[in-house]
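Below is one structure, written out as structure tokens; the observations come after it.
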Amino acid sequence: MTATEQHGAPAAFGPMRRKEDARFVRGRGSYVDDIVLPGMLHGAVLRSPHAHARITSIDTAAAEAHPKVKAVITGQTLAGLNLAWMPTLSNDTQAVLATDKVRFQGQEVAFVVAEDRYSARDALELIEVDYEALPAVVDARRALDADAPVIRDDVDGRTDNHIFDWETGAAARTEEVFRDAEVTVAEDILYPRVHPAPLETCGAVADFDKVTGKLTVWETTQAPHAHRTLYAIVAGLPEHKIRVISPDIGGGFGGKVGIYPGYVCAVVGSIVTGKPVKWVEDRSENLMSTAFARDFHMRGEVAASRDGRIRAVRVSVLADHGAFNGTAQPTKYPAGFFGVFTGSYDLEAADCKVTGVYTNKAPGGVAYACSFRITEAVYLVERMVDVLAYRLGMDPAELRMRNLLRPDQFPYSSQTGWVYDSGDYQRQLALAMELAGYQELRAEQRERRERGELMGIGVSFFTEAVGAGPRKHMDILGLGMADGADLQMHPTGKAVLRISVQTQGQGHETTFAQIVANELGIPADDVEVVHGDTDSTPFGLGTYGSRSTPVSGAATAVVARKVRERARIVASAMLEVSPDDLEWDGARWFVRGDPDQGKTIPEIAFAAHSSLELPDGVEGHLDAQTVYNPPSLTYPSGAYICVVEVDPGTGGVKLRRLVAVDDCGVRINPMIVEGQVHGGLADGVGMALMQVIAFDSDGNCLGGSFMDYLLPTAMECPSWELGETVTPSPHHPIGAKGVGESATVGSPPAVVNAVIDALRPYGVRHADMPLTPAQIWRTIQGRPFRTDLAIT
Amino acid sequence: MMPGMQVPSHVEYERATSLEHALTLLAGPDARALAGGHSLIPMMKLRLAAPELLVDINGLTELSFIRLDGDELRIGALTRHADLLGSAVAGEYFPILTDAERVIADPVVRNWGTIGGSLCQADPSEDLPAAFAALRATVVIRGAGGVRTVPVREFHVGPYETVVGPGELLTEVRVPVLPRSSSAHLKVHRRAGDWPVAAAGAVLRLGGPAAAPVVEAAGIGLTAVGAPHFVAAEAEEFLRGRPADEESFAAAGAIAADHCRPVADQRGPEDYKRHLAAELTARALRQAAARALGEA
């Protein structure tokens, strides 16, 4: 970057306005629900009112008699097509439409296709389903009880609700450290079930052309290529006859990675009726049935020395996966990347056991900017560090500073086998403390405590492992986690970049154009980014887990460099010198020792299409392709400080400040990075203070609308205070690390730690999210309640 | 269509061109008046409500007013929340209304939702019924048979139920102006715009010397805690004639808490809501007294 600036070339990295915003701010975006096709029909899903019940009969006669209904599809219909069940992204199965039992409230039971959306919805009320209610498994902690009802009796021989056991670290070594430690602390910590609640709910328009045999599906998906392959596998359709288009997406957050039954129903509906079928779920359907996040019941333990050296961390987790194991994560990692629970600290040992269980709740488990369970891991360790600080009577910032990895320890191999690429953690935390005025805040807190006022200061420091991932280790349903990029250079020097990742608001059309611009010395406005259509983009696994910039951004830089190398050969012909005599100055290939003799990429691109006699090594254009297989993950980090005030009489929290110092390596578009951080900070405020999907004892979902499931507003969000440090990733072509989920990961522990810090005069060491006024008041009383169950 | 939109069942719609027209239409089977629609339409989309006819009264601009008339403040039923929030005269005489409006929903809802609709929705967690009950307001109801007035404290007969009958329309709220009085409303919610976990409004008329004021009359409204008719009658009675001081207010709060019947839900457990009834009642009384004495 510095080099290009020195040579007066366009400084391609910087706060460029987002190219996509022109259409969004003018209302010209095109989302799935904007797709209208001739003769298009509309689908609606009948959902189970019960969390657990046997279906004894389904009578669809009255619905079929509705004058505007074209088809009613049930599990029996699908069973005839061998489509009643589909594979999940975790190698489990999930009912598309229930045949035997319903296993969560909101589960898909029947699908009506009608001439309009209202008729489809009306016809749902004409379907009569007889249910025989069964006891529901609601509390994950009871799921493995001997007398717990077996949810997945569809699987032969299954006699319990156990899904998997997974372990990482070294149990014996950790036990040794704990036995020998001067101080140990333990705490039960729940990260309750939450939901990403994107602005746009999920939906699909399926159009099966009987003449050509081609199926086109417009979908709310973060991973169009993976979906196409899965449709081919699930439905037995030839993959080259499937086109998945992901148009503009109104927020994904991981909730649009998997395939939902509604998509499959829309496809079947189109095949059955011969017409395009649109299905778009409503808000309650989205909250009740699509991918939830978290639901991790954790017990954390820390071993330390009396002077505050953190020696070991041990964790056991009960993971509630709902009725079907539908988490989206690399095959070898059933608990995702939870292994980074060792945090940003230099430990002697670590150990972790995770047990996954079925419950009568919606499936999912990886969503809401979690980076494959990193959100849970970071929350656990950052809460536990505060628990230790409480026990030791130490300042939590000082305790962290004392234990953070040092710059000279990178690349650092953690006790669970993760190789952190780079960082300067002490400098990062010091900067956050400086921005916050940490010592002054502590002084103010002391004064206010003397006056009986509750003020809290919360610190969190996180390291994420993102950019999955090396295909040798990471795949989803056998598909390695690499991403392709094609770069086409038009004769006039304009470029079209085709990428496999799909933006849901992250600004790919701008950021990726800037990467190309930076490599080729052309304006970012001259680079069109094409994505989201499997017919016009290269294969790749899509956007989630903060992987777009680490993986696809790398692919983009690599393919642009390939173009640049081809351009060098052409330039050598133009300048009649050897390619070896050419040097790149950020905008031109020029003759070494004769800088006036040089050619820009647009000049070279035209020449490549002209009558110029081309040397060996180029066929006649500059276009290039690549597939990027990441050598390792990237490790963004953050130091966050939150300041709150708590009203002891009501339990109300006022969030005063939130300081976030992120290190995501090289920033391509700092404005977009800051936007990502802003959104994630608001997410964290939501999770820490108000959001939860709880269930009552019958398994009724208590978070099924925005009246019950709260999104934070501007009133709860302070003016964010951001800072940055930059330690480039050494193995990424442009040193970027990814930032899409950083703030969502880092902010919940900062906010919770601040609230708990405020409650210190009451001897409070922990309370589970969400820290609603009721929960805070009860915590002050010494009687916190379970936030994952109905409040009684 | 908005992504994620829930669709109601079939409903007829008619726009009332006059009050008489509205009353005629509302006399039909299962007709509902549509004003701001911020409660009714979500209920219809969730199919919790399925009226046969919506009578749109938004054209009846004569029902939108706020004016001082003798010793009463008269507020038209079609007055928007935002208008009441912005009303200087309402704010001067009844800060409880400004306090309440400031925490009702969000600006978009307040720009369209109406005072009459808020009272008629009779949501047991609504703020305005408690505020008007504390003020001992009266409502005016029109029907084909004429006009009747009903004290707000008799207007709500149960959750989502009022005394407004078929063919009738709430047209106005009248609030008595009291000398040497003031008021306040306080609410605890999980997030701005959410329904209250609990809220309390207080109106105090003070007598006695400024140095030792005495409560001549008190009005206490409670919402979301199962207070009958949104009122803490026993606490009001207790306060009459007592010193307007911290001890009286705390005791009144405790009495209010004893007599309400909160129900646990995801906003909070029963004991917490009862605690809030006491805490918020005492705080609202304290603030109302300070305002009446010109201290706040």
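Which one is farthest from the other protein chains (Cβ to nearest Cβ), of the residues in the range A:688-700 that are of a type outside the set (V, I, T) and within 23 Å of the chain's Cα centre (by Cα)?
A:A688
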For the range B:215-235, the count of residues that are open to solvent by 10 Å² or more (accessible area, probe 1.4 Å) and within 14 Å of chain A (Cβ to nearest Cβ) equals 1
Suppose we filter A:V313, A:V244, A:V302 for residues that are open to solvent by less than 10 Å² (accessible area, probe 1.4 Å), in a strand (DSSP E or B), under 30 Å from A:A335 (Cβ atoms) and in contact with a Pro (Cβ under 6 Å, 6 or more places away or on another chain); which single one remains?
A:V244
Any residue in the range A:701-712 that is facing chain B (nearest Cβ under 8 Å) and open to solvent by 60 Å² or more (accessible area, probe 1.4 Å) sitting within a Cβ distance under 7 Å of a residue that is at pLDDT 95 or above and assigned to a loop (DSSP other than H, G, I, E, B)? List the pairs, counting only those 6 or more apart or interchain.
A:D708/A:L702; A:D708/B:Q266
State all residues of the range B:24-65 that are closer than 17 Å to B:V7 by Cβ, within 21 Å of the chain's Cα centre (by Cα), open to solvent by less than 30 Å² (accessible area, probe 1.4 Å) and of a type outside the set (A, V, I, L, M); if no residue qualifies, say none.
B:G37
Quick one: in the range B:1-23, which of the residues that are away from chain A (no Cβ under 11 Å) and closer than 23 Å to A:R121 by Cβ is surrounded by the most Cβ atoms within 10 Å (Cβ to Cβ)?
B:E12
Need the failing condition index for A:V72 against (1) outside any strand (DSSP E or B); (2) open to solvent by less than 30 Å² (accessible area, probe 1.4 Å); (3) modelled with pLDDT of 95 or more, just the number.
(1)
If you take the residues of the range A:316-325 that are assigned to a strand (DSSP E or B) and not hydrophobic (A, V, I, L, M, F, W, C), which of them is nearest to the other protein chains (Cβ to nearest Cβ)?
A:D320
Residue among A:A743, A:A767, A:A754 that alone is within 24 Å of A:Y368 (Cβ to Cβ) and without any contact (Cβ under 8 Å) to a residue 24 or more places away in the chain
A:A767
Within the range A:23-54, count every residue that is out of contact with any Asp or Glu (no Cβ under 7 Å at 6 or more places or on another chain) and not in a loop (DSSP other than H, G, I, E, B).
8
When you check B:V214 against the structure, is it outside the structural domain of B:E101 (by TED's automatic domain parsing), in contact (Cβ under 8 Å) with a residue 40 or more places away in the chain and not charged (D, E, K, R), yes or no?
no
Single residue of the range A:258-287 satisfying the filter (hydrophobic (A, V, I, L, M, F, W, C) and in contact with a Phe, Trp or Tyr (Cβ under 6 Å, 6 or more places away or on another chain)) that is surrounded by the fewest Cβ atoms within 10 Å (Cβ to Cβ)
A:I271
Could you check the range A:359-407 and list, in sequence order, the residues that are open to solvent by less than 10 Å² (accessible area, probe 1.4 Å), within 27 Å of the chain's Cα centre (by Cα) and aliphatic (A, V, I, L, M)?
A:A362, A:A367, A:A369, A:I374, A:A377, A:V378, A:L380, A:V381, A:M384, A:V385, A:L404, A:L405
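In this structure, is A:T290 crowded, with 24+ Cβ neighbours inside 10 Å and within 14 Å of chain B (Cβ to nearest Cβ)?
The answer is yes for A:T290.
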In the range A:646-667, which residue that is among the charged types (D, E, K, R) and closer than 30 Å to A:P733 by Cα is surrounded by the fewest Cβ atoms within 10 Å (Cβ to Cβ)?
A:R667
May I ask you to list pairs of residues, at least six apart or on different chains, whose Cβ atoms are under 6 Å apart, with the first in the range B:81-105 being at pLDDT below 95 and the second being assigned to a loop (DSSP other than H, G, I, E, B)?
B:A105/B:G193
Do the conditions hold for A:R103, that is, is it at pLDDT 95 or above, within 25 Å of A:T290 (Cα to Cα) and surrounded by fewer than 19 Cβ atoms within 10 Å (Cβ to Cβ)?
no
Can you name every residue in the range A:427-451 that is in contact (Cβ under 8 Å) with a residue 12 or more places away in the chain and either closer than 17 Å to A:P334 by Cα or open to solvent by 20 Å² or more (accessible area, probe 1.4 Å) (or both)?
A:R427, A:A430, A:L431, A:M433, A:L435, A:R442, A:R449
Let me confirm something: among A:V527, A:V591, A:V551, A:V558, which residue is surrounded by fewer than 23 Cβ atoms within 10 Å (Cβ to Cβ) and closer than 21 Å to A:V666 by Cα?
A:V558
Conditions (1) more than 29 Å from A:P238 (Cα to Cα); (2) open to solvent by less than 60 Å² (accessible area, probe 1.4 Å); (3) outside any loop (DSSP other than H, G, I, E, B) -> A:I522 fails only (3)
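Please work out if B:G86 is within 17 Å of the chain's Cα centre (by Cα) and surrounded by fewer than 15 Cβ atoms within 10 Å (Cβ to Cβ).
When the stated conditions are applied, B:G86 passes them.
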Scanning the range A:188-203 residue by residue, those of a type in the set (D, E) and within 20 Å of A:V745 (Cα to Cα) turn out to be A:D188
Can you name every residue in the range B:236-273 that is outside any helix (DSSP H, G or I), open to solvent by 10 Å² or more (accessible area, probe 1.4 Å), within 14 Å of chain A (Cβ to nearest Cβ) and touching a helix residue (DSSP H, G or I) at 6+ places or on another chain (Cβ under 8 Å)?
B:P262, B:V263, B:A264, B:R267
Yes or no: the range A:599-610 includes at least one residue that is among the charged types (D, E, K, R), under 21 Å from A:A517 (Cβ atoms) and either part of a helix (DSSP H, G or I) or open to solvent by 60 Å² or more (accessible area, probe 1.4 Å) (or both).
yes
What are the pairs, 6+ residues apart or on separate chains, where a residue within the range A:647-674 that is at positive phi has its Cβ under 9 Å from a residue that is of a type in the set (D, E, K, R) and at pLDDT 95 or above?
A:G651/A:R778; A:G665/A:D421; A:G665/A:K737
As an exercise: evaluate A:F253 against (1) open to solvent by 30 Å² or more (accessible area, probe 1.4 Å); (2) part of a strand (DSSP E or B); (3) under 30 Å from A:C701 (Cα atoms) and give the number of the one condition it does not meet.
(2)
Looking at (1) crowded, with 24+ Cβ neighbours inside 10 Å; (2) away from every other protein chain (no Cβ under 14 Å), which is the only condition A:A232 fails?
(1)
Name the strands (runs of 3 or more DSSP E) wholly within the range B:132-214 that hold at least 2 residues that are open to solvent by less than 40 Å² (accessible area, probe 1.4 Å) and either in contact with a helix residue (DSSP H, G or I) (Cβ under 8 Å, 6 or more places away or on another chain) or of a type in the set (D, E) (or both)?
B:138-143, B:168-176, B:181-189, B:196-207
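The values are calculated or read from the model by the stated rules, or taken from the named source; none is laboratory data. Quick caveat: nothing in here was measured; it's all calculated off a predicted structure. Quick reminder, even Gly has a Cβ in these numbers, built from the backbone with ideal geometry, and neighbours come from all protein chains shown. Note: accessible area is taken over every heavy atom of the protein model, side chains too, but ligands, DNA and RNA are not part of it. Shrake-Rupley method; radii C 1.70, N 1.55, O 1.52, S 1.80 Å.
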